[in-house]
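Each reported figure results from applying straightforward, stated rules to the coordinates on display, with no laboratory input. Given the structure is predicted, the values throughout are model-derived calculations rather than measurements. We place every Cβ from the backbone using ideal geometry, glycine too, and count neighbours over all the protein chains shown.
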Amino acid sequence: MYTSLSTEKREIRLLRIHPASDPSDDIRCTLATVSLQDGPNFDALSYVWGDANITETIFVDGKPFEATTNLVAGLREIRKASQSDPMWIDAICINQQNLEEKNSQVPMMRDIYREAQTTLVWLGQAGEESRLAFQLLTRWFSAHEGSIEFMRNCKDLPRRKPRRTTETSGLDDLKELAKFAQLAQTTTRDYMAAMLHSSFDSKEYDTLFSFSVVPYWRRIWITQEFALSRRLVFIWGGNKLPYSTLSSGYRALRNYEHLYGLGNVLSDDHILQINLCYFQRLEALIDLKERYANPHNVKYMSLFDLLNMNKQCMATHMADRVYGLLGLCDSARCRLTVDYSRPCNEIFQELTQTFLEDPTIGMDILCLTGGTNLGSVASDLASWVPNFANPGCFFDAQRDFFDWSDSGLCAEAVIYKSRLELNCIFRDEIKDIRRWSDDAETIFEDFEVWLNFALADAKLHPSGLPNLQVFFKTLIFDDLKQIPGYPVFGSKLQEMSFFGLAAGFMETVSKLFFKSLHQRSQPVPTSRDEWYHLLSPHITHDECQLILDLNAPFVVRAFAWWLVTSPLKPHTITVTAVLEEIFGAEASSAYIQPNLDEYFGMGARMFEFVQQYLKPSQLRGDCFFKTKNAYMGIGPQQVAPGDLLCSVPGCKWPLVVRPKSSESGDDKEQFQVIGACYVYGMMHGEVAKDPEVEQKMRRVVFV
């Protein structure tokens, strides 16, 4: 069936699907060899293979060919549309049994998807959910487009938008721009709200969650296919949606408050459903596509950043976790070549050594160690070499901590075979741990266990901050980069994000109190007598009255109900005393002053906090730990009591390591790297600022 392809001529095979009189007829198609140098017209298919052991027979050039059931289902859907142009489909157009051909064809996939007229994205079979999800995205797209047209025709807006400027002398222009943006939001808000509210259907939002969890999104290869394709059309079941509608519709939905100010005009139920529609993978892919949109001026990402961005993706062949991203790298800077005959361990160690030698990455590559073992490699992979087939690592390059900034210290790393010798400092020892349970439905019960564990010993953290605040910041990896002792936000957006997440955390904590009252399905009391009756077994009548009298949004009062039954019970019940446990004392230099009216009155923030942080942590199987010196942190699921925390010069994150018996004749201490971890109070240069840092440095070996 397969004849050899010329690498010099850049030859590929294209598949033409034959029409059928009946949808149940066998799939029959033919292959033809063409040269990309001739500029052929063709489409490409982007899809997930599915289980390679579950196949159906199709016929290629009259000969039987075993294709996965998901691919066959996609071919049937494409055949219904009377596809006229030939198609490129990797599973059929590449001889998968010929490693030499794979080694030459896989690097060409970048050009194949760039040159395809259209890339059809097959998301899999679906029922009514595909129609409802695409209908919802189309409605948000239409509302966004309609608001722009409405704004153009609005007489209250100036005909010309103020020019952007970053010059100091242009401060008035910036103020005018902000004024224009506010006026534009006010002008379009009611228009969009009317459009969206009249057709609100919670079932549509539920199906958008189904859309976000189809296996397609976790396939590593779709990253470059998505980013490089000229035109994308999504097919889910029997429904289609162009990329422009999908991307604009989703972005409008996610920015309902920031761009359109809809938070106070849509119903609470509507806001709740919107907040549940957080799809991080799609957001990352949309951003990536914009980055690679112009083939003549591509802003290439490094392989390190691409691996970090796609760490939760899967691949049939473990080496594809790396090979599947090479098409997005600058070929002049990336030395790695596709070779399916090489063992994965060898590929991963070579790649790690390359990163270690890169001055822009260096020891930061160690941050990718650890995580869950959803993909496995041979047991002889050195512990300091990241398992790039492993999607569980929580390291994010955007969390740009600076543990060793300006210290002038160096790890002086030396590699010999599978050993990495370097300098490091040991900071602490892990005393006790808590893990997520295996049951995904117990996320709030597990969260309560972690919370009680964090607050068990003291109210204050070694940094001097309230332990509750440190627990919150640990769960979000202090994403907003607030340096301890400097409660200043870098921007209004940063401030908004912090307090939004804080409100979500407080809602989550207060949920624990209401859950103990069995109020999950009961209506919220509407009178003081009902509140007294409900709360009397748990708090005193006076405490209940003081909380009900608090001049604060409901989320603060709900948080207060939990607080008075917790180990942190305040001496007095005032708004200041209640908020002190999470934002610090007003007299403290580290006090974070919350704006209750602006950030705590919207509700439904718990779901954003849970979806962005608790759910991913549970999925990874993170381990929450406390140290002998009363620090708290999050690390890989393999962390155990007795493991040590160490800091390596040049590595932004601390590492959890485990002592190992040294080989005979080796006088250097040996350690197994368990993985990177987050420890509040060790992330902002505290180690490097120690005046005795050089004396504490030890020469060790990671094996």
>> Could you work out the relative contact order of the chain? I mean the mean sequence separation of Cα pairs under 8 Å and 6+ apart, divided by the number of residues, in percent.
In response: 13
>> Taking 10 °C and 1.306 mPa s as the conditions, I'd like the Stokes-Einstein D for the chain in µm²/s, using the Kirkwood hydrodynamic radius from alpha carbon pairs.
In response: 56
> Full extension from GLU100 to SER589: what is 0.36 nm times the residue separation minus their Cα-Cα distance, to one decimal in nm?
Replying inline: 169.6 nm
> So, how do all the Cα-to-Cα distances of segment 256-349 break down into 5 Å bins, in percent, from 0 on up?
Replying inline: 2, 10, 17, 17, 13, 10, 10, 7, 6, 4, 3, 1
> Under 14 Å from the Cα of LYS203, which aspartates and glutamates turn up, not counting those fewer than eight places away in the same chain?
Replying inline: GLU128, GLU129, ASP269
>> Which residue, HIS538, LEU550, SER82, has the largest displacement toward the positive end of the dipole of the chain when charges sit on each Cβ (Lys, Arg +1; Asp, Glu -1)?
In response: SER82
> If you average 1/r over all unlike Cα pairs in segment 441-620 and invert the result, what Kirkwood radius do you get in angstrom?
Replying inline: 16.9
> In segment 1-89, what GluC sites (Glu not before Pro) fall in a loop by DSSP, with at most 11 other Cβ atoms inside 10 Å?
Replying inline: GLU8
>> Looking at segment 56-115, I'd like the Rg to Rh ratio, where Rg is from alpha-carbon atoms and Rh is Kirkwood's inverse mean 1/r.
In response: 0.99
> Stretched out fully, how many nm does the piece from ALA20 to ASP549 gain, at 0.36 nm a residue minus the Cα gap?
Replying inline: 183.2 nm
>> As a quick test, which of the pairs LYS459/LYS515; LYS459/LYS492; LYS299/LYS615; LYS80/LYS240 have an alpha carbon distance above 21 angstrom in this structure?
In response: LYS459/LYS515; LYS459/LYS492; LYS299/LYS615
> So if we plug the beta-carbon distance of ALA91 and SER202 into 1/(1 + (r/R0)^6) with R0 = 35 Å, what FRET efficiency do we get, rounded to 0.05?
Replying inline: 0.35
> Order of ASP432, ASP597 from fewest to most other C-beta atoms within 10 Å?
Replying inline: ASP597, ASP432
> Treating the beta-carbon of each Lys and Arg as +1 and of each Asp and Glu as -1, no other charges, what is the dipole magnitude of segment 11-117 about its Cα centre, to the nearest 20 debye?
Replying inline: 120
> So which DSSP H runs in the chain come out at 30 Å plus along the axis (Cα) with average Kyte-Doolittle of at least -0.5?
Replying inline: 128-152, 171-197, 492-516
> What spacing in nm lies between the two simple spin-label points modelled at LYS459 and LYS615, each 7 Å away from Cα in the Cβ direction?
Replying inline: 3.6
> What aspartates and glutamates sit close enough to LYS696 to cross-link, taking a C-alpha to C-alpha distance under 20 Å and skipping anything fewer than 8 places away on the same chain?
Replying inline: ASP403, ASP406, GLU412, GLU421, ASP428, GLU429, ASP643, ASP667, GLU669, GLU686
>> Taking loop as defined by DSSP and a crowding limit of 13 other beta carbons within 10 Å, which trypsin sites (Lys or Arg not before Pro) in segment 207-257 fit?
In response: ARG231
> Which FRET efficiency value, to the nearest 0.05, do you get for ASP542 and ASP190 by plugging their Cβ-Cβ distance into 1/(1 + (r/R0)^6) with R0 = 56 Å?
Replying inline: 0.80
> In the chain, with Lys and Arg counted as +1 and Asp and Glu as -1 at Cβ, which of these residues, ALA458, TRP384, GLN612, has the Cα nearest the positive end of the dipole, that is, farthest along it?
Replying inline: GLN612
> Say each of ASN297 and SER527 gets a label point 7 Å from the Cα, pointing the same way as Cα to Cβ; how far apart are those two points in nm?
Replying inline: 6.8
>> Need the list of lysines near LYS9 for cross-linking: C-alpha distance under 24 angstrom, and skip anything on the same chain fewer than eight residues off.
In response: LYS102
>> Could you work out [θ]222 nm for the chain from helices alone, using -39500 (n - 2.57) per DSSP H run of at least four and dividing by all its residues? Round to the nearest 500 deg cm²/dmol.
In response: -11000 deg cm²/dmol
> To the nearest 0.05, what FRET efficiency results for ASP358 and MET496 with a Förster distance of 56 Å applied to their C-beta separation?
Replying inline: 0.95
> What Rg and what Dmax come out for segment 11-117 when only alpha-carbon atoms are used, in angstroms?
Replying inline: 13.5, 39
>> Can you give me the orientation-averaged projected area of the convex hull built on the Cα atoms of segment 276-328, in nm²?
In response: 4.3
> Mean separation of Cα pairs under 8 Å and 6+ residues apart, divided by the residue count of segment 533-666: what relative contact order is that in percent?
Replying inline: 12
